[in-house]
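I have placed the structure first, in the form of structure tokens, so that the comments after it can refer back to it.
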Amino acid sequence: MALTNTTEHTVPADNGEVSLLIARQVEPGHEETFEAWAHGILETAAGFPDHLGYGLFRPATQGGPWFLVHRFRDQAALPIADALVLTWC
């Protein structure tokens, strides 16, 4: 087999950022309450030192898990992330 595509792609260097992914199953009929709760957590965490951003992802399929994602500058921020998980999840 001959190599026909020689286009090069670069991959960004690892800059040390870390992500915390939390998956939660929500009982049918409680989605609105969960979403309000999740937004409160996400907004609170946004004020933590070295917090870079967050996301809330609804289920891809009916009854699937919801995902909360937090991004932190580096591993030194993980104790804050651990406290977040233990406090709210």
Here the gain from full extension of ASN15 to PHE57, 0.36 nm per residue of separation minus their alpha-carbon distance, amounts to 12.7 nm
Toy charge model, Lys and Arg Cβ at +1, Asp and Glu Cβ at -1: the stretch 26-79 dipole around Cα centroid in debye, rounded to 20, equals 200 debye
Give, in nm to one decimal, the length gained when the segment between GLU43 and GLN75 is fully stretched (0.36 nm per residue of separation minus the Cα-Cα distance).
9.5 nm
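Rule-based calculations on the coordinates, nothing more; no lab input. Computed from a prediction, not measured in an experiment: that's the story for all the values here. Neighbour counts run over all protein chains shown; Cβ positions are idealised from the backbone, glycine included.
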